[in-house]
1. Would you mind getting the accessible area per residue of the chain, heavy atoms of the protein chains only, 1.4 Å probe, in Å²?
2. Given contacts defined as C-alpha pairs under 8 Å and at least six residues apart, what's the relative contact order of the chain, whole-number percent?
3. Give me the percent of Cα-Cα pairs in the stretch 285-441 that sit more than 18 Å apart, rounded to a whole number.
4. Restricting things to alpha carbons, tell me how big the stretch 1-108 is in terms of Rg and Dmax, in Å.
5. Using only helices, what value at 222 nm comes out for the chain when you add -39,500 (n - 2.57) per DSSP H run of length 4 or more and divide by the total residues, to the nearest 500 deg cm²/dmol?
6. Please report, as a whole percent, how much of the solvent-accessible surface of the chain comes from carbon and sulfur atoms (probe radius 1.4 Å).
7. In this model, which of LYS226/LYS432; LYS106/LYS233; LYS233/LYS397 are farther than 28 Å apart at the alpha-carbon?
8. So for the chain, considering every pair of alpha-carbon atoms, how many percent are separated by more than 42 Å?
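The values are calculated or read from the model by the stated rules, or taken from the named source; none is laboratory data. The structure presented is a predicted model; accordingly, all values stated were derived computationally and were not measured. Ligands, DNA and RNA are excluded from the accessible area calculation, which covers all protein heavy atoms including side chains. Shrake-Rupley method; radii C 1.70, N 1.55, O 1.52, S 1.80 Å.
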Amino acid sequence: MQQNMITFLILISTLIIPIIYITPEYTVDILKCEFVIYLLVVILDIYTTKQFNLLHTWIAAFIYIIWSDMILTAANDFTHIYTIPIFFYLLANNLVLIGYRLYQPKVQYTSDDYIVIHPRYLALFLIIGGLTFLIATYDEALYTMAFGRILNNAKGGTTLTGSIISAIGLILPALLAYYFKYVANKHWLYAVVYSLPIIVIQAILATRFKMLFQITPLLIILELIKTRSNNIKSLILFSTIIIFIGIYSSHTKEVRNYAANETIYNSTTYTQDGKDDIFISFADKMSPEGIIEMTHIANDYFSTHSLSYGRESLTIFYFWIPRAWWPNKPTQLDYWLIRKYENVSDAHSTSSGFLGELRADFGWISLFFAILIGFLLKRCNSYIQQVFLENNGTFQKVFAALLYPYFFFFVRSPLTATFTLIFCYVIYYILKRTICKRQIL
């Protein structure tokens with residue numbers, strides 16, 4: 001019954017979206033309705049399934065990153081120039097939810113587990129990997145504490161070694177959680193304490209996305225955040241953790257803007273109109289990052305220029321090649337498009353959202369891919385539920401837990417999120433093939 005109600009709510013949510021296109025003066029009101037509907041969908045699904053799944057992760061990310069941007073933009077959009085971008089991303093999000101609801105993957109509950117057979121090698125990797133990450137980021141952390149966050153050239157000057165070290169720092173807390181819970185059989189505090197230096201360094205560097213990539217899998221593997229069989233106690237703990245992370249994220253956002261180059265970099269601003277409205281005040285505490293503005297710019301640019309027809313999305317196949325090896329490597333959409341309209345610093349980067357590159361490649365046809373994203377979301381969620389079905393020590397829990405922060409950040413920047421996940425997966429795969437053994441029960 002509740003599942004039918006969820007489907008009905010998503011259908012209603014989708015049907016009221018065209019009102020924005022027909023009568024844009026009601027955009028803010030429609031966005032408030034959409035927020036309430038999304039919240040009801042999450043509450044009903046958690047009540048029905050007792051799970052914390054990727055549907056909730058996606059909706060939370062959409063509200064936190066894009067919906068907040070929508071309502072803050074719409075509140076000051078008196079000429080309605082942002083009506084089409086808002087309409088586009090509301091419809092795209094709902095198509096993701098529809099795809100998620102429609103797709104019913106055939107889940108085969110396999111008993112294949114990957115069990116660690118060389119615990120000393122895993123412990124050695126944790127020690128060497130942790131020291132490598134701390135040593136490599138120590139100077140940058142000190143500099144950040146002294147002068148604020150220093151942004152790199154957004155064109156992409158990261159070395160392959162730097163990307164690997166960054167990935168080690170992201171996956172280490174999940175590996176530590178797995179090691180102490182399933183290999184060493186220690187209390188969860190051991191994993192938290194040993195992860196703390198890595199997380200603190202990342203906190204100093206003030207990169208919220210990477211903090212999320214570290215903390216969420218750590219808490220999921222330790223079952224401080226439960227993916228299944230939730231009860232009132234676990235939901236209260238989960239809500240407390242989420243509120244704490246949200247407060248820290250907002251604090252980081254405010255503090256890092258005091259850095260000199262960050263204020264130059266951050267050109268997306270919102271006026272103070274409507275701050276007495278509870279929805280707008282709530283949105284202002286979230287993480288609006290100018291996706292609606294970038295969608296508006298993209299609509300304008302591609303109205304007089306041909307589409308990219310796959311060129312932007314193909315970045316996924318050669319992103320790993322350092323620019324030092326390939327000086328003329330094509331830049332990403334979020335780098336070159338803003339520079340067609342504004343004179344910005346080399347450190348300036350933008351966000352085009354989960355359909356940004358696909359929209360540049362295929363225009364409105366990109367909405368079809370939103371349904372496919374919903375399919376992918378559901379398939380990955382089925383994989384997670386399969387891995388966490390039993391309270392065993394399968395090494396697959398490490399990668400399954402990483403999918404939560406991956407899809408959260410996918411809403412903002414799918415290419416960047418995928419680049420990060422690929423490097424983490426390479427480390428995970430090497431460990432799985434060298435220190436683990438496939439066990440068929």
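1. I get 47 Å² per residue for the chain.
2. Relative contact order for the chain comes out at 30 percent.
3. 67
4. 14.5, 53
5. -20500 deg cm²/dmol
6. Answer for the chain: carbon and sulfur cover 65 percent of the accessible area.
7. LYS106/LYS233
8. Beyond 42 Å sits 13 percent of the P(r) for the chain.
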